[in-house]
Amino acid sequence: MSTGASVGANNTSLPAKPRMSFWQIFNMSFGFLGIQFGFALQNSNASGILRNYGADVEHLSWFWLAAPVVGLIVQPIVGYYSDKTWTRIGRRKPFFLAGAILSSSALTLMPNAGILGSIAPLVIIGAGFLMIMDACFNLAMEPFRALVADNLPDSQRTKGFSIQTFLIGIGAVLGSWLPAILASWGVSESAPDGVVANNVKYAFYIGAAVFITSILITVFKTKEFNPAEYEKYHGKNEDAHSGLGSIFTDLKKMPRTMKQLGLVQFFSWFALFGMWVFTTDTIATHIFGLPIEDRSSDMYRKAQSWTGVIFGVYNGVSAIYALCLPMIAAKIGRKKTHALSLIIGGIGLLSIFFAPNKEFLLFSMACVGIAWASILAMPYVILSSSIPAGKMGIYMGIFNFFITLPQILNGIIGGPIVKNVYNNQPVYAIVLAGIFMLCAAVSVIYVYDPGAIKIKEETA
C-alpha cells in the first residue's frame, strides 16, 4: 500500500466529471446494503441481547456508548488515510474490504459471548463485542460516502446518495426482519437467561455472509479514478503530504455549511439513538404492560422480535422514499425536503406514546422511515458541495462528530433520566426523541446550501 498525492481543490475551471449510469451508481453503492444489514441486526437486537446477558434498562444507554465512541475515533482517521492512500485495487476499496472481513467476524461473535463467560461478566463481554462490531462497521462504512462524492458530479449527487439510501433501506429491512422470519420458519426464539435465542444467532451468521458478499460486489464492479484522473477532475491539493495532525487543522477550518448542518445532525442523531436503545423496552412496558424488571420472558422476547419488525418497516419506507428524494428536492429544494421529512419523523416518534396496540407502531415507524431516508442522504448531498474534493474523506469523517457526539451525550444521560426522571418508563425517552427530531427540522432552515449554484452551472 503506497501513499500518493491527495488531490482536490475547488476550481471552477476544471472539467466536469463524467456522468455515471444508474447501474454504475447502483454497483458503487451496493456494499452499503450489507453494511446496513449488519447495522440493522445490531440496532434491533443489541439491547435485547444485552438485557438477556443481564443488563438493567437504566444501563443500556451506557453499553450503547461503545458505538458512537468508536465512530468518533475511527471515522476521521479512516477518512484521512483513505484520502491519501492509493493501491492497485483503488483508493477507498481497500478500506471496504478490510472492514467487511472484520465485520463479518464480529457479527459471528456478538451472539456467542457465552463462550468467554468464564473470563468476565457476560454483559461486559457482550458490550465489548458490540464495540468491536461497531469499529469494524465504521471502517467499512466511512469511505463509501466519500466514494460517491469522488465519482459523481454535483448534478448527480442527490441521485447518488438517494440510491445509496435505497440500498441502505433494503439491507436494513432484511436485517431487521430476519430474526422474525426465521422464527416463523420454526427456528426457536426462546432461550434461558444468558443465552441468545437461535433465531437471532442464525440471523447474525447470515448477516455476516451478506455483509462480505455485498462489499465484494462493489469492489469488483466499481472503478475508482487513478491519481492522474483524480487530479484532472478535482485539481491538486497542496496539503497532500500533511500529517495525521491535519485532522485538527481541518476541524478548525470546517466550512460554514458543515457547522450549520452540525446542529441539524445533533438533534437528529440524539433522537435516533434514543429510539434504538429504548424501543424494545417501550414496547414491553408501554404496549405489553410488562414490569421493567422483565428481561427474558416469552413476552419480552416477542417485544424484541416486534422491534425488529417495526424497524424493518421504517427501513422499508426509507428505501422507497429515498427514490423520491431527487424529485422532491428538485421541486422544493434540498433544505425544505429535509425539513419536511424530519417533521414527519418527529410526529411518528411522538405518536408512539399514544399507540393503542403494537400494530399502531407500524404507522409510527413508517413516519420515522421518511425522516431516516432524508437523514441518510440530504445532509451529505448539501455537505459534499461545500468541501474540497481532496479532503472529502477526512471531512466526511469529521462530519461524523456531529453524529457520534449527540449519541454519546444521550448514552451518558439517557439511562439515568429514564430511571430517575421518567420513573422507569422508557416511552418518555421516545417522546423526547420526537421533540428533538422537530428541533432538527427547524434547524435545517438556517443552513447555507452552496450546491444550488453548481447544479445550475452543470445543467446549463
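The values are calculated or read from the model by the stated rules, or taken from the named source; none is laboratory data. Everything numeric in this text was worked out from a predicted model, so none of it was measured. Virtual Cβ from ideal backbone geometry, glycine too; neighbours counted across all protein chains shown.
Per-structure values
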item	result
Selected residue [closer than 27 Å to residue 385 by Cα, surrounded by fewer than 24 Cβ atoms within 10 Å (Cβ to Cβ) and modelled with pLDDT of 90 or more] from 266, 288, 248	266
Only one of 107, 147, 102 that is at pLDDT 80 or above, surrounded by fewer than 22 Cβ atoms within 10 Å (Cβ to Cβ) and in a helix (DSSP H, G or I)	102
Residue 160 being crowded, with 23+ Cβ neighbours inside 10 Å, within 29 Å of residue 249 (Cβ to Cβ), in contact with a Cys (Cβ under 7 Å, 6 or more places away or on another chain) and in contact (Cβ under 8 Å) with a residue 12 or more places away in the chain	no
Filtered residues of region 92-150 (kept if out of contact with any Asp or Glu (no Cβ under 8 Å at 6 or more places or on another chain) and charged (D, E, K, R))	134, 142, 145
Every residue from region 302-340 that is over 23 Å from residue 52 (Cβ atoms), buried (at least 24 other Cβ atoms within 10 Å of the Cβ) and more than 17 Å from the chain's Cα centre (by Cα)	325, 334, 337
Any hit, region 358-368, residues being within 22 Å of the chain's Cα centre (by Cα), assigned to a helix (DSSP H, G or I), closer than 19 Å to residue 440 by Cα and β-branched (Val, Ile, Thr)	yes
Pairs where the first residue, in region 179-199, is hydroxyl-bearing (Ser, Thr, Tyr) and the second is surrounded by fewer than 21 Cβ atoms within 10 Å (Cβ to Cβ), C-beta under 8 Å, 6+ apart	188/198; 190/298
